[in-house]
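Enquirer: Questions regarding the structure given below will be posed in turn.
The values are calculated or read from the model by the stated rules, or taken from the named source; none is laboratory data. If you're wondering where the values come from, they're calculated on a predicted model, not measured in any experiment. Note that each Cβ is placed from the backbone with ideal geometry, even for glycine, and that neighbours are counted across all protein chains shown.
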Amino acid sequence: MSTEHRAPGPTSPPNRIEDHALIGDTYTAALVGRDGTIDWACLPRFDSPSTFASILGTEDHGHWTLRPTDPDATAVRQYREDTLVLTTVWTTTDGVVEVTEFMPVGAHRATIVRRVRGLSGSVEVRQALRIRFDYARALPWVRQIGDEDDPALLATAGPGSVIVRGPHFHADHHRHVATATILDGDVLDTVLTWYPSHREPPERLDVDGALARTTAWWREWMAPIRTEGRYVAATRQSLMFLRAMTHGETGGVVAAATTSLPEDPGGERNWDYRYVWLRDASLALASLIAHGYRDEAMHWRGWLLRAIAGDPADVQIMYGIAGERELPERELANLPGYARSTPVRIGNGAYTQYQGDVFGEVLNALHDARELGVEENADSWALQRALLGYVEEHWQEPDNGIWEMRGPRRHFTHSRAMIWAAFDRGVAAVEEFGLEGPADRWRSLRDTVRAEIEEHGWNAERGSYRQHYDTDEVDASLLVLPQIGYLKAGDPRMIGTVRAIEEDLRVGSDGLVLRYRTQAGFDGLSGTEHPFLACSFWLVEQYAGSGRVEDAERLMDVLVGFANDVGMLSEEIDVETGHHVGNTPQVLSHLTLVSAADAIQRARGAATGHRTRLPVHDGGTRSWTGEGERAGAPA
């Protein structure tokens, strides 16, 4: 996947959100712009303070640019097949060079490698490096070390240091610059490594060995994926991004690599997504499970057991990467924000919210893990029993909903349906896997919740489910009801709900879907937002499941077309311009892409790994669509 790009010159505006490619080592990540600038990197973890943050301001806030000095140079970039190793071929009037960029996997230290190789002719390449620790609040002490044969740049501020090995950099107005002429066959490596400032600098990296190991690691991980159809490339790329956003040691799945990329440019809807939402992580796990990744299921379950261990009353909707519970939200006044969108926030105050739906998502994901063959142990089932016990006591309480409404708590229909799913998975654990638990009581509660939803969450006048019990508004999260087995995609109630969503929430000529109508005033925030990609992928899945396969493929083609040249998607799309909006790469966008592609394959009669639970109410029994030993079980 590649496209040609005429990169902006050194004084052009910063990269747009969709101009970025991700490189990462499963511990953290960096964003590389089309113009050759790394303008976002938090080292050594996803949630560490930034080392480069010009995406949220200007070059003064930290960047590392590497590109030909020719302002008319053109670039074509792509990932090496089945890897997160990025290659960019730059063509100038005098020659061609290839830039290979990656973060070594398995090195257990945050390292960024940028290799320039001459392909033909002669190309002058310039690097500009401005290191700014702690979200650009710390100007480092920088000094040259080494000698002419092995020059290095050392930058230190507080607890962090980086060492940069490669060409000789010289100081130039609070930045460091290096220029080299690359001839055919020449290779120039520049390696930046973060390390704790109280330690000695790490040894020089064997770049050839690191590149070979990193390439082999990614290809080995991607090898088991089996998928078919017209969306193979997008599915594989999305699964790779999901793995890149899963912390290699703790197993926590961060929602995105960035903070404060705005949902409403110029507005206040700017949030820090570098944390682990139980919902997003559970859904990411479901996508990985659907494609056979048993080890990832076990790793994530281990993270979950550690993160929420203790009193179920203390369960949060989100945690830090290692399960940290306190994520206080602060504003950084020194950063002017992407497209002047302030405030820039670190931390996320939503961690204090109650969202009842996460219990259903977690229990559903753990049930999927059982289906995959991940055996329960005493601790894991005891945890699920404790969660169900808490839900038994608190299922009637209102919550903040899936979209983290900052207004009053309400009885959101989606949340109520996920409570239904929590009890349903408890019943299934007892009846299908022989685990101990009060199945009769859970079954009774499941039926009680369903009766409540049908009485208060159904708008008979419009023939649609409603966003919450006190409104006639609809919400795109209602598209999830068939996915959890609450009812079939072709059920008349679901068809009516889809009709209402199409009427109220689809915007633009392509008909992308908003989460809800912000003008209804339920979310407690000013301003508006753009179509949320995950909601549109949910609509694709709904279309496919209800027999509207052509509509599903038509919308899917539009959505996949919004991915950038390396397959990345952010949170939302500006339908007027096609620009990406919100944090990137957005895990929820990519995991719902995988699920939608699987749904289309099922609708076309092809086997696929993703399973969809069919309804169990009205005397039915459980079954799944998709491949596996339960495929085709009676509904």
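Enquirer: In region 281-295, how many are buried (at least 24 other Cβ atoms within 10 Å of the Cβ) and charged (D, E, K, R)?
Expert: Selection size over region 281-295: 0.
Enquirer: Residues being out of contact with any strand residue (DSSP E or B) (no Cβ under 7 Å at 6 or more places or on another chain) and under 21 Å from M568 (Cβ atoms): count how many of those fall in region 50-66.
Expert: 1
Enquirer: Something else about it: If I filter region 417-457 down to residues being of a type in the set (F, W, Y) and surrounded by 17 or more Cβ atoms within 10 Å (Cβ to Cβ), which single residue comes out as farthest from the chain's Cα centre (by Cα)?
Expert: The residue in question is W442.
Enquirer: Might you let me know whether region 510-533 holds any residue that is at pLDDT 95 or above, assigned by TED's automatic domain parsing to the domain that holds V449 and either of a type in the set (S, T, N, Q) or out of contact with any Pro (no Cβ under 7 Å at 6 or more places or on another chain) (or both)?
Expert: Yes, some residue in region 510-533 is at pLDDT 95 or above, assigned by TED's automatic domain parsing to the domain that holds V449 and either of a type in the set (S, T, N, Q) or out of contact with any Pro (no Cβ under 7 Å at 6 or more places or on another chain) (or both).
Enquirer: Which numbered condition trips up F359, out of (1) on the phi < 0 side of the Ramachandran plot; (2) surrounded by fewer than 21 Cβ atoms within 10 Å (Cβ to Cβ); (3) in contact with a Leu (Cβ under 7 Å, 6 or more places away or on another chain)?
Expert: Only one criterion in (1) on the phi < 0 side of the Ramachandran plot; (2) surrounded by fewer than 21 Cβ atoms within 10 Å (Cβ to Cβ); (3) in contact with a Leu (Cβ under 7 Å, 6 or more places away or on another chain) is unmet by F359, namely (2).
Enquirer: List the pairs whose first member sits in region 65-88 and is assigned by TED's automatic domain parsing to the domain that holds D35 and under 18 Å from P104 (Cα atoms), whose second member is buried (at least 20 other Cβ atoms within 10 Å of the Cβ) and acidic (D, E), and whose Cβ atoms are under 8 Å apart, counting only residues at least 6 apart or on separate chains?
Expert: Close Cβ pairs satisfying both conditions: V85/E101; L86/E101; T87/E101; T88/E101.
Enquirer: Yes or no: R441 under 30 Å from R515 (Cβ atoms), touching a residue at least 24 places away in the same chain (Cβ under 8 Å) and of a type outside the set (G, A, S)?
Expert: No.
Enquirer: Picking from A606, A563, A599, which residue would you name as being farther than 21 Å from A244 by Cα, at pLDDT 95 or above and in the same structural domain as A429 (by TED's automatic domain parsing)?
Expert: Going through A606, A563, A599 in turn, the sole match is A599.
Enquirer: While we're looking at this one, here's another question. Of the residues V558, V575, only one is at pLDDT below 95, among the β-branched types (V, I, T) and closer than 21 Å to E263 by Cβ; which?
Expert: Selected residue: V575, the only one of V558, V575 that is at pLDDT below 95, among the β-branched types (V, I, T) and closer than 21 Å to E263 by Cβ.
Enquirer: Do you know which residues across region 489-513 are within 28 Å of the chain's Cα centre (by Cα) and part of a loop (DSSP other than H, G, I, E, B)?
Expert: A489, G508, S509, D510, G511
For (1) free of Cβ contacts under 8 Å to residues at least 60 places away in the same chain; (2) crowded, with 17+ Cβ neighbours inside 10 Å; (3) in contact with an Asp or Glu (Cβ under 9 Å, 6 or more places away or on another chain), each residue gets a yes or a no:
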site: P328; (1), (2), (3): yes, no, no
site: Q355; (1), (2), (3): no, yes, yes
site: D368; (1), (2), (3): no, yes, no
site: G373; (1), (2), (3): no, no, no
site: E376; (1), (2), (3): yes, yes, no
site: S380; (1), (2), (3): no, yes, no
site: R406; (1), (2), (3): no, no, yes
site: H414; (1), (2), (3): no, yes, yes
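Enquirer: Could I ask something else about it? Which members of region 406-437 meet the condition of being under 24 Å from M494 (Cα atoms) and either assigned to a loop (DSSP other than H, G, I, E, B) or of a type in the set (S, T, Y) (or both)?
Expert: The answer is H411, T413, S415.
Enquirer: Which residues, counting only those in region 37-65, are closer than 21 Å to T179 by Cβ, of a type outside the set (S, T, Y) and crowded, with 24+ Cβ neighbours inside 10 Å?
Expert: Matches in region 37-65: I38, D39, F52, G62, H63, W64.
Enquirer: Right, here's the next one. Look at I163 and say whether it is touching a strand residue (DSSP E or B) at 6+ places or on another chain (Cβ under 8 Å), farther than 24 Å from G36 by Cβ and either among the hydrophobic types (A, V, I, L, M, F, W, C) or modelled with pLDDT of 95 or more (or both).
Expert: no
Enquirer: Then there is this: Would you please name the residue that is surrounded by the fewest Cβ atoms within 10 Å (Cβ to Cβ), looking only at residues in region 330-353 that are within 18 Å of D280 (Cβ to Cβ) and polar (S, T, N, Q)?
Expert: T352
Enquirer: Considering only residues that are surrounded by 18 or more Cβ atoms within 10 Å (Cβ to Cβ) and either over 34 Å from the mean Cα position of the chain (by Cα) or part of a loop (DSSP other than H, G, I, E, B) (or both), which ones fall in region 177-196?
Expert: A178, I182
Enquirer: Another question, then. Just a yes or no: is a residue in region 132-146 at pLDDT below 95 and among the polar types (S, T, N, Q)?
Expert: yes
Enquirer: Would you pick out the residues in region 584-603 that are surrounded by fewer than 24 Cβ atoms within 10 Å (Cβ to Cβ) and of a type in the set (A, V, I, L, M)?
Expert: The answer is L588, I600, A603.
Enquirer: Now for a different question. Somewhere in region 466-487, is a residue among the aliphatic types (A, V, I, L, M) and farther than 29 Å from A603 by Cβ?
Expert: Taking every residue of region 466-487 in turn, none turns out to be among the aliphatic types (A, V, I, L, M) and farther than 29 Å from A603 by Cβ.
Enquirer: If you go through region 438-488, how many residues are of a type in the set (D, E) and not in a helix (DSSP H, G or I)?
Expert: 5
Enquirer: Looking only at residues in region 355-379 that are in a helix (DSSP H, G or I) and acidic (D, E), which one is farthest from R301 (Cα to Cα)?
Expert: Step by step, filter region 355-379, then rank; the result is D357.
Enquirer: Okay, next question. Name the single residue that is farthest from M103 (Cα to Cα) among those in region 205-224 being in a loop (DSSP other than H, G, I, E, B) and out of contact with any Asp or Glu (no Cβ under 9 Å at 6 or more places or on another chain).
Expert: P224
Enquirer: Restricting attention to region 90-103, does a residue exist that is surrounded by fewer than 16 Cβ atoms within 10 Å (Cβ to Cβ) and closer than 24 Å to L43 by Cα?
Expert: Within region 90-103 (the criterion being surrounded by fewer than 16 Cβ atoms within 10 Å (Cβ to Cβ) and closer than 24 Å to L43 by Cα), the answer is no, since none of the residues qualifies.
Enquirer: If you check T342 against the conditions, is it hydroxyl-bearing (S, T, Y), out of contact with any Phe, Trp or Tyr (no Cβ under 6 Å at 6 or more places or on another chain) and modelled with pLDDT of 90 or more?
Expert: yes
Enquirer: Next question, about the same structure. If I ask for residues that are at pLDDT 95 or above and either within 15 Å of V164 (Cβ to Cβ) or surrounded by 24 or more Cβ atoms within 10 Å (Cβ to Cβ) (or both), which ones from region 105-123 would you list?
Expert: Within region 105-123, A110, T111, I112, V113, R114, R115, V116, V123 qualify.
Enquirer: For region 168-176, does any single residue satisfy the condition of being of a type in the set (D, E), surrounded by fewer than 18 Cβ atoms within 10 Å (Cβ to Cβ) and assigned to a loop (DSSP other than H, G, I, E, B)?
Expert: So far as region 168-176 goes, yes, one or more of its residues are of a type in the set (D, E), surrounded by fewer than 18 Cβ atoms within 10 Å (Cβ to Cβ) and assigned to a loop (DSSP other than H, G, I, E, B).
Enquirer: A further question follows. Just one of the numbered conditions (1) among the aliphatic types (A, V, I, L, M); (2) more than 23 Å from the chain's Cα centre (by Cα); (3) more than 30 Å from G95 (Cα to Cα) is not true of A73; which one?
Expert: (3)
Enquirer: To continue, here is another question. Given the criterion in contact (Cβ under 8 Å) with a residue 60 or more places away in the chain, surrounded by fewer than 24 Cβ atoms within 10 Å (Cβ to Cβ) and not aromatic (F, W, Y), identify the matching residue among E529, E550, E572.
Expert: E529
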